[in-house]
Amino acid sequence: MLMARPKTQETQTLNACFLPKDFVVDDLPILPADGLKKWITAFEDDKYSTLFQLGFNKKEPWFSPSLEYLHHLAELLLKKLSQQPEIEFNRDAVQVDLMDDELYKLKEELPFVIGMEYVDDDWIRAVWKSLLAVFKREIKTYDGTVARYFTDHNANINVAGRVFFHLVENQTEQHPFAFMATYSTKPVKSKRAIHTPLKNALKEFDGDERKLLSLISTVIKAAEKSAFISELLESGELFSPLKLTTEEAYTVLKETALYEEAGILCRVPDWWRKSSNSIRLSITVGEKEPSKVGLKAIMDFLPTLTVGDEVLTEQELRAFLTMAEGMVQYKGKWVEIDKRKLAVVLQAFEKAKNLSSNQSLSLGETMRLELNLGRLLDISSDELTVSITNGQWFRNMKETLTHPAAIQKVGVEPSFHANLRAYQETGYRWLTQMSKFGFGACLADDMGLGKTVQMIAFLEYQRIHSGGQALLILPASLIGNWQKEIERFAPEMPYQILHKSDLKSSKTIQLRDGAFLYITTYGMAVRLETLKDRQWDCLIIDEAQAIKNPGSKQTKAVKAIPAKMRIAMTGTPIENRLGDLWSLFDFLNQGLLGTSKEFTDFTKRLAEHAIGYTKLRKMIQPFMLRRLKTDKSIIADLPDKLEMNAYTTLSQKQIALYRQLLGQIAEKLEAAEGMERKGLVLASIMKSKQICNHPDHYLGREEFKPEHSGKFEQLREICETIREKRERVLIFTQFREMTEPISEFLRSIFGKEGLVLHGGTSVKRRNEMVEQFNGERYVPYMVLSLKAGGVGLNLTAANHVIHFDRWWNPAVENQATDRAFRIGQTRNVMVYKFVTTGTIEEKIDAIIQEKQKLSGELLVAGGEQWITEYNNAELLKIFALGGDA
């Protein structure tokens, strides 16, 4: 983590935005390895100081999007510092604040990177404050002038001098503008500088030409590039207030950037800064409701010409083209006459009129207008000033989907057996509204907020009101979870699992009649051609990052399945690659982001035109619902500790070993008595746990292939999301011999080394590990043996806890969980308890949940000893695999 503050929300955000992988992605080879190492080392030593220094450098091709964003923030601070006319007076007491419009723009131009959802006003201001502190610290001990300090770091940065240029509107017809040059000075005993006309400098520095030249040095620089200023300086008119003609004022306005580059601060009318004097093409779309739903619905389309808030006729625009270039007044407002730009606007207007009269514009094309309007009108967007105005229906539709809390309440069905939290009910209503509009929807709530229960509520609504059939595609490791959730929350919903475990001798899977929901895996979606033979009413994909690679067979197979509505579920909708975003929306609403090539071309321009991030974000926002655990409105509705069972399935190899063990247990139980029987039961429990963990754990081998264990596959699904969010996780196992295999597997997932703590870890090393895990540098995971790591450790950097295998003693498990969930923890902790379906793990978990008194009294004292008290028939029923009992 390059930019982190321990134990604060800012830590998580900075951790998310400044990742080590930012410096090792594919676009870095042009940076020499030693240069890369230099920057990484510098960031690790002092992140804010390094970022501040980086701000003096130009943007480099090797910058990641997140680093480029922060570099821009550092550049902005340096620019504002260099423009402070009193900075030499104030030095380390200088105060430079972000203006509201600057803050808004920074949020709007935020790139799509991990952690972007956490960036808010407070986060940006915190980084700004830290960078400013670096400057204050350095300038306080710097012997030279502030101007010299900036020159030492970058000779191209001109610190603002004490001279100001002021241009204001005047009321006279012949000279409608007034111009005056001033300079700042700090009187004795005054805390603030004051501004005085530049002519006073002639008296103040009379006889001291060196000081006068130093004062007007910025003016001399400007005069070298501006004939207008050069003439005023040579004639001496610059030292007195002046009345300017429109042409002269236009010259000043156009040269403002040149003056500021030289170090002169310019104060000009707001309408020039905001370009409200430019003639724009304004397009109003969607005033009326279309006759059908979906992205192919035809929209009304009306182009108009505007200047400021005034509508301009085509005849008036053509009249402007006959005038000389400069500025003219139109209805009390100044209008810039740039014939080249006006010709482009007129050309675009004529094409837009033709398009609205002779062609149809679909809702999908309407949504894309802001991204590629130039392409729609066949005109370079760089030459075009365009504003898109949403008509009443279109505006209301986007507002409804973007702020779903306002959607009209839709009651859940009586057959749905759960009480939705307030935000979950909003998600349910949003999904029903999206289905009515015929749009693809991405439910992208943060991990742990209950995407599954919201989806089941929606599916139950669809089953009762719309009928039809729905298809759910997910990773194989999640089948058990969905089965349990459906049976718990919608027991009347008929479903069928379409998985290879159902394959018989015919090697085909038959879709049974009568089911509403069909559940299959990504792997099976490639093999089951029958999925493409029908039009599904709803196609849902869980863990949608599985289709982020548009060229893979898996992605192509999923996208080829026909469906009226498509829904994606994911906790990480936007990772660190915009190409993944395109693939997701190509599934949800094909064509919304254009073709792959069109979107790639668009993303290449983002480095130069960051406003494109704003346009892209606003375009996809109606189709994506994302809530975070850190949201204050969500936090109030959540418990501090979210505990859930993560159901895993056995691989074929595990099933074979488990059945073999069952046969041995049944045979030995017949002859065993007393302590021998008790030992047999406890040993059998231990062996069944080993098989559920991994076949190689039971067999004593060291290979540990992930695909041979349902738990390893479930661990992958959870930890891939934790990795993308740059969060941290603790994994507990009661077996010391499992710590290294789990760690090795996690290393391949996170691409980084984690920590392993067990009974053989020295006290000194334990303390070092705790400090390392809780430190700023990203350590993604720690694997702990339950006995060694269950007490005495404070590991609050983690907000995820996984119990890989169960101790079946709630008190012991809670002690382990509380390594993360304790004083100092500022986030909700998510606890996953792995339970292998159909095995002794599921049976005993059910007993513990049903018999709270038993789990609270006997289990705490005896661990697993209580199981030995069951008779043989009861024991065999507990050990039985699935329906084998």
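Computed from backbone phi, the HN-Hα couplings of region 269-275 come to x, 4, 4, 6, 4, 8, 6 Hz, rounded to whole numbers (Karplus: 6.51 cos²θ - 1.76 cosθ + 1.60, θ = phi - 60°; Gly and Pro given as x). Charging the Cβ of each Asp and Glu at -1 and of each Lys and Arg at +1, and nothing else, the dipole of the chain about its Cα centre rounds to 880 debye.
Annotation: lysines with alpha-carbon distance below 17 angstrom to residue 296 (same-chain offsets under eight excluded): 288, 398, 436, 564. Assign one of three labels to region 163-263, namely rounded, prolate or oblate, based on the Cα gyration tensor with a ≥ b ≥ c the square roots of its eigenvalues; rounded applies when a/c is under 1.5, prolate when it is not and a/b is larger than b/c, and oblate otherwise. It comes out prolate by the Cα gyration axes.
Tell me, in nm to one decimal, what length is gained between residue 614 and residue 765 on full extension, where the rule is 0.36 nm per residue of separation less the Cα-Cα distance?
Working: separation 151, 0.36 × 151 = 54.36 nm, distance 4.76 nm.
Extra length from residue 614 to residue 765 when fully extended: 49.6 nm.
Taking a ≥ b ≥ c as the square roots of the Cα gyration tensor eigenvalues, region 725-811 comes out rounded, since a/c falls below 1.5.
So which trypsin sites (Lys or Arg not before Pro) in region 141-241 end up in coil per DSSP with only 10 or fewer other C-beta atoms within 10 Å? Before the final figure, lay out each step's value.
Details: sites: 148, 162, 189, 191, 192, 199, 203, 210, 211, 221, 225; in loops: 162, 189, 191, 192.
Here the sparse-neighbourhood loop sites are 189, 191, 192.
For the pair residue 597 and residue 554, label points projected 7 Å from Cα toward Cβ lie 2.8 nm apart.
What full-extension length gain, to one decimal in nm, is calculated for residue 224 and residue 338 as 0.36 nm per residue of separation minus the Cα-Cα distance?
Working: separation 114, 0.36 × 114 = 41.04 nm, distance 2.55 nm.
Result for the pair: 38.5 nm of gain on full extension.
Taking the Cβ of each residue in 538, 719, 692, 266 as the centre, tally the other Cβ atoms inside 10 Å and list the residues starting with the fewest. Spell out each step's value before the answer.
Working: 538 24, 719 21, 692 28, 266 18.
Arranged by neighbour count, lowest to highest, 538, 719, 692, 266 become 266, 719, 538, 692.
Since only 396, 349, 540 are under comparison, the one whose Cα sits farthest along the positive direction of the charge dipole of the chain, derived from C-beta charges on Lys, Arg, Asp and Glu, is 540.
In the chain, the calculated helix contribution to ellipticity at 222 nm averages -13500 deg cm²/dmol per residue, counting -39,500 (n - 2.57) for every DSSP H run with n ≥ 4.
Distance from the alpha carbon centroid of region 418-486 to that of region 329-362 works out to 46 angstrom.
Of the residues 70, 675, 259, the one whose Cα sits farthest toward the positive end of the charge dipole of the chain, with +1 on the Cβ of Lys and Arg and -1 on the Cβ of Asp and Glu, is 675. Residues in region 557-573 carry Karplus couplings, in order, of 5, 5, 5, 7, 7, x, 7, 6, 9, 10, 10, 10, 10, 6, x, 10, x Hz; the curve used is 6.51 cos²θ - 1.76 cosθ + 1.60 with θ = phi - 60°, and Gly or Pro positions show x. The lysines whose alpha-carbon is closer than 27 Å to the alpha-carbon of residue 140, local same-chain residues fewer than 8 away aside, are 38, 47, 58, 79, 80, 129, 186, 189, 191, 211. Shape analysis of region 99-258 places it in the oblate category; the axes a ≥ b ≥ c from the Cα gyration tensor give an a/c of at least 1.5, with a/b not above b/c.
Residues whose amide H lies under 5 Å from that of residue 362, counting only those 5 or more places away or on a different chain, are 299; hydrogens are built 1.01 Å from N in the peptide plane.
Just want to confirm a number: the relative contact order over the chain, from Cα pairs under 8 angstrom separated by 6+ residues, in percent. If you can, show how the numbers build up before the last one.
Details: 1386 pairs, mean separation 81.7, N = 885.
Contact order relative to length: 9 percent.
Beyond 56 Å, how much of the Cα-Cα pair distribution for the chain remains, as a whole percent?
Working: 97154 of 391170 pairs.
In whole percent, the long-distance tail amounts to 25.
Taking amide H positions as modeled 1.01 Å from N, with prolines and chain starts lacking one, the residues under 5 Å from residue 198 and 5 or more places away or on another chain are 181, 182, 183.
Name the longest site-free stretch of the chain, where the excluded sites are GluC sites (Glu not before Pro) in a DSSP loop with no more than 15 other beta-carbon atoms within 10 Å.
Numbers: sites that count: 173, 325, 492, 608, 670, 673, 702, 703, 753.
Looking at the chain, 1-172 is the longest stretch - no exposed GluC sites (Glu not before Pro) with at most 15 other Cβ atoms within 10 Å.
Distance cut-off 23 Å, Cα to Cα: go down the list 641/752; 653/711; 254/341; 484/689; 678/877 and report the pairs above it. Over 23 Å Cα-Cα: 641/752.
Taking 17 Å as the straight-line reach from the Cα of residue 559, the aspartates and glutamates in range (excluding those fewer than 8 positions away in the same chain) are 529, 533, 537, 542, 543, 580, 586. When the Cα positions of 619, 607, 581 are compared along the charge dipole of region 565-636, 619 comes out farthest toward the positive end, with charges on each C-beta of Lys, Arg, Asp and Glu. Distance from the C-alpha centroid of region 714-776 to that of region 259-309: 52 Å, rounded to the whole angstrom.
Just to be sure I understand: of the beta bridges DSSP finds with both ends in the chain, what percent are antiparallel, rounded to 5?
Numbers: 31 of 87 bridges.
The antiparallel fraction comes to roughly 35 percent.
Under 5 Å between amide hydrogens, built in the peptide plane, is the criterion, and for residue 800 it picks out 728, 730, 830 among residues at least 5 positions away or on other chains.
Taken together, the values in this text are just the output of simple stated rules run on the coordinates, not laboratory data. Treat the numbers as computed from the prediction; the structure is a model and nothing was measured. Backbone-built Cβ (ideal geometry, glycine too); neighbour counts: all protein chains shown.
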